[in-house]
There are 2 protein chains.
Amino acid sequence: MRKKRITIEDVALEAGVHASTVSRALNPGKRALVSDVVAARVAATAQRLGYTPDPVAAGLRTRRSATIGILIPDIANPLFPPILRGIEAALAEAGYTAIIANTDNDALRARDALERLAARRVDGVILATVSRRDPLLDRCRKLGLPVVLVNRSTGGGATSAVLTDDEAGAALAVRHLALLGHRAIGHVAGPQRLSTGAGRRSGFVAARRAVGGESGPPPIAEAASYGIEAGAHAAAALLAAHPRITAIVAANDLLALGCYDEARRRGLACPRDISITGFNDMPFADRFDPPLTTVRIAQRAMGVEAARLLLAEIENPRSPKREIKLQPELVVRGSTAQPRGPSLTVPRRSR
Amino acid sequence: MRKKRITIEDVALEAGVHASTVSRALNPGKRALVSDVVAARVAATAQRLGYTPDPVAAGLRTRRSATIGILIPDIANPLFPPILRGIEAALAEAGYTAIIANTDNDALRARDALERLAARRVDGVILATVSRRDPLLDRCRKLGLPVVLVNRSTGGGATSAVLTDDEAGAALAVRHLALLGHRAIGHVAGPQRLSTGAGRRSGFVAARRAVGGESGPPPIAEAASYGIEAGAHAAAALLAAHPRITAIVAANDLLALGCYDEARRRGLACPRDISITGFNDMPFADRFDPPLTTVRIAQRAMGVEAARLLLAEIENPRSPKREIKLQPELVVRGSTAQPRGPSLTVPRRSR
DNA sequence: GGCGCTCTTGCAATCGATTGCATAGAATAG
DNA sequence: CTATTCTATGCAATCGATTGCAAGAGCGCC
């Protein structure tokens, strides 16, 4: 029993028709080519025999694998699972399956993973890894692979992408802090080679000007990567250069966590002595100490839209490239508060 | 340029040999069948032409897809990403690729996902979802699919599995609390239909007896699922039935978070008024408020071992079933402390 | 010099589906 | 009643690799 797979041939024999007829009867697109009575009979026999078409065999002939590849830096980064769920949901509707590959922010691994996906004949790829000018994209173009970016943009509009309005998000954070009374607001920026890093930074700069913060060049320190350690380093540099800062807008939640660490190291209590905001609203951000005020991005929706965009592009390779920009939302929690009045409270020392 | 794929035929033509020779020259197993000089020439031409064998086409003939399926409840549950990374790493070494499916703890979806994986002709599956007696396993057996369980067991030994020594882990937590001076220790248990829920519970019961806790039936409340809400409910029930409890051993970190919530609701400060331990040491457990004392399981190692076990079973379907049990480790953080002396401090009210 | 042996290589079938083309029979037109 | 167009189905090639079998080349031995 284990040995015998049921093939289209078996169904054909059993239904008394030719295999090609079975194929047509079972394929929604070709269904019209075969008479209703035969189609019904075939469907019934297929059902009875428990026939499942082999997508591998079909793919060989049709050149489509009903599979798409996803490149992300690291699935353990909590930003991604919700996006993946969104992608998966939209893909499943269309009968597609996703293959996920982690790159660990390593260009070589990314290259490698892409080649492996291409070898598996994926019908398209979703990239959450690329920097603003990335050779990966050229490679995809050369391979003739439809591509959609999530949470990234090349700026050029040559590639479809789904992203967050990073400028607006950063502005949300700045305005919130300004409203609380902060004047000296600093920014721990993400890597500027990534569109999110650049976008949030420029959003910060513009918003700071708009709310009329202190004059002079904006207090900004760029983190080397989107990690806690990098955030702590950048925060240290920022605070060293601008000791009077009362609030920090971090370019993502992990960087904010790094800011927490650095603040604590300096004996600064958050939010009493310094307010800190994040970006992304990653899972469990509400459980941090203190709960993180952050800019929530529509992770799942990004995934869904990205998958839809990609499917459309697979369907019609010359469909226009589109950029979908989703609006973020501020989530106020415990890491932001009014700046402490200069003399209302004595600075608190860490133990 | 985009149109033409390079096939084995192209390489054969270019190298002046037959396609079958190319196949043999490039396949490590058959490599010995062709002369060294020809093999070298073929390898060189393949290299030069940029030939990548089509695993789909090969799979059609060989009946192996070099693909395995993974069923997990939810990728957004931070327990799983490290396991997946482990699986992926071990798989990649062997040239295999993973396809991940989420089931949301829904038996129907699980069933469905399994069928889809089977249709894609995966060579085996890794299940992180099954309960102690699960129809999914019978289905795999019927399909002739090699299976390995991660972090789950059927108890029967009929299926290979990689798991944590849950009894030992629970004992670690209980002993830690006993050493701190706790006598009245309760347990928020996981669902008993899951092997982890049952194992941790029995570990708790045995350890409690061993450390000579209070007599009488052990204070235990079972959570309906491994979620924060369920944990809060169970904690409420536990504290209502046993008000004198000074410490709770939760069967996983999410349940522990639920305990945090319920404790706060009752005006109990953790760890001052009540100590709480988790299980798993999920990412960011050190960032919770308070940082969670928990039992760390070797997530990545579980993934690696599971993948190895599965590959071995694919290689040799009649290889003996094995259960690998990994030892957990206690991570002490801020959610546990000595029980407060009956009158040393006044209870603290939440605001 | 003929026989048998090993070592390489080619031939052709195969895996399971899809699809352009051909054809038989039915339906319709004239 | 014949000619023509449809419709429904079958035939066979195809996708890209793998592999059992056959055959040719080279070689040693008696």
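Of all residues being without any contact (Cβ under 8 Å) to a residue 40 or more places away in the chain and within 21 Å of A:TYR260 (Cα to Cα) in the range B:278-312, which is most open to solvent (accessible area, probe 1.4 Å)? Just the residue, please. The qualifying residue most open to solvent (accessible area, probe 1.4 Å) is B:ASP289.
For the range A:129-146, taking the residues that are within 17 Å of A:ILE87 (Cβ to Cβ) and away from chain B (no Cβ under 14 Å), the one that is modelled with the lowest pLDDT is identified as A:VAL130.
Out of all the residues in the range A:298-316, is one or more polar (S, T, N, Q), in contact with a Phe, Trp or Tyr (Cβ under 7 Å, 6 or more places away or on another chain) and under 27 Å from A:VAL150 (Cα atoms)? Checking the range A:298-316: not a single residue is polar (S, T, N, Q), in contact with a Phe, Trp or Tyr (Cβ under 7 Å, 6 or more places away or on another chain) and under 27 Å from A:VAL150 (Cα atoms). With respect to the stated conditions, B:ARG209 is open to solvent by 50 Å² or more (accessible area, probe 1.4 Å), of a type in the set (D, E, K, R) and either within 23 Å of B:THR154 (Cα to Cα) or at pLDDT below 95 (or both).
If only residues of the range A:24-48 that are under 26 Å from B:GLY144 (Cα atoms) and touching a helix residue (DSSP H, G or I) at 6+ places or on another chain (Cβ under 6 Å) are counted, the one that is farthest from DNA strand C (Cβ to nearest atom) is A:THR45. For the range A:56-69, state whether one or more residues are under 30 Å from A:ASP253 (Cβ atoms), away from DNA strand C (no atom under 11 Å from the Cβ) and modelled with pLDDT of 90 or more. Yes, the range A:56-69 contains at least one residue that is under 30 Å from A:ASP253 (Cβ atoms), away from DNA strand C (no atom under 11 Å from the Cβ) and modelled with pLDDT of 90 or more. Scanning the range A:11-61 for residues that are assigned to a loop (DSSP other than H, G, I, E, B) and farther than 24 Å from B:ARG120 by Cβ yields A:GLY16, A:VAL17, A:HIS18, A:VAL34, A:SER35. Please go through the range A:177-201 and pick out each residue that is part of a helix (DSSP H, G or I), open to solvent by 50 Å² or more (accessible area, probe 1.4 Å) and more than 25 Å from A:ARG340 (Cβ to Cβ). Listed by number, the list holds a single entry, A:ARG201.
Report whether or not B:LEU84 is in a helix (DSSP H, G or I) and either modelled with pLDDT of 95 or more or open to solvent by 30 Å² or more (accessible area, probe 1.4 Å) (or both). Judged against the criteria, B:LEU84 is a match. Taken together, A:PRO271, A:PRO317 contain a single residue that is open to solvent by 10 Å² or more (accessible area, probe 1.4 Å) and under 25 Å from A:ARG183 (Cβ atoms), which is A:PRO271. A:ALA119 satisfies every condition listed in (1) within 11 Å of another protein chain (Cβ to nearest Cβ); (2) in contact (Cβ under 8 Å) with a residue 12 or more places away in the chain except (2). Scanning the range A:1-23 for residues that are of a type in the set (D, E, K, R) and near DNA strand C (Cβ under 8 Å from one of its atoms) returns A:ARG5, A:GLU9, A:ASP10. Annotation: of all residues in the range B:231-261 being in contact with a His (Cβ under 8 Å, 6 or more places away or on another chain) and not hydrophobic (A, V, I, L, M, F, W, C), the one that is surrounded by the most Cβ atoms within 10 Å (Cβ to Cβ) is B:GLY258. Being touching a strand residue (DSSP E or B) at 6+ places or on another chain (Cβ under 8 Å) and outside any loop (DSSP other than H, G, I, E, B): is that true of A:ALA312 here? Criteria not met by A:ALA312. Of all residues in the range A:19-29, those satisfying the criterion of being at pLDDT 90 or above and open to solvent by 60 Å² or more (accessible area, probe 1.4 Å) are A:ARG24, A:LEU26, A:ASN27. For the range A:2-12, state whether one or more residues are modelled with pLDDT of 90 or more, more than 14 Å from every other protein chain (Cβ to nearest Cβ) and near DNA strand D (Cβ under 9 Å from one of its atoms). Taking every residue of the range A:2-12 in turn, at least one turns out to be modelled with pLDDT of 90 or more, more than 14 Å from every other protein chain (Cβ to nearest Cβ) and near DNA strand D (Cβ under 9 Å from one of its atoms). Output the residue which, of all residues in the range B:60-79 that are of a type outside the set (D, E, K, R), within 10 Å of chain A (Cβ to nearest Cβ) and open to solvent by 10 Å² or more (accessible area, probe 1.4 Å), is nearest to DNA strand D (Cβ to nearest atom). Filtering the range B:60-79 for residues that are of a type outside the set (D, E, K, R), within 10 Å of chain A (Cβ to nearest Cβ) and open to solvent by 10 Å² or more (accessible area, probe 1.4 Å), the one nearest to DNA strand D (Cβ to nearest atom) comes out as B:LEU60. On the stretch given as the range A:46-55, residues that are buried (at least 20 other Cβ atoms within 10 Å of the Cβ) and either among the acidic types (Asp, Glu) or within 10 Å of chain B (Cβ to nearest Cβ) (or both) total 1. B:ALA57 meets each of the listed conditions (1) of a type in the set (A, V, I, L, M); (2) within 9 Å of DNA strand D (Cβ to nearest atom); (3) over 40 Å from the mean Cα position of the chain (by Cα) apart from (3).
All told, B:CYS270 meets the bar of being assigned to a loop (DSSP other than H, G, I, E, B), within 14 Å of chain A (Cβ to nearest Cβ) and of a type in the set (A, V, I, L, M, F, W, C).
The values are calculated or read from the model by the stated rules, or taken from the named source; none is laboratory data. Only a predicted model underlies this, so the values are computations on that prediction, with no experimental measurement involved. All Cβ positions, glycine included, derive from the backbone under ideal geometry; neighbour counts span all protein chains shown. To get the accessible areas, we keep the full protein, side chains included, count just its heavy atoms, and leave off ligands, DNA and RNA. Shrake-Rupley method; radii C 1.70, N 1.55, O 1.52, S 1.80 Å.
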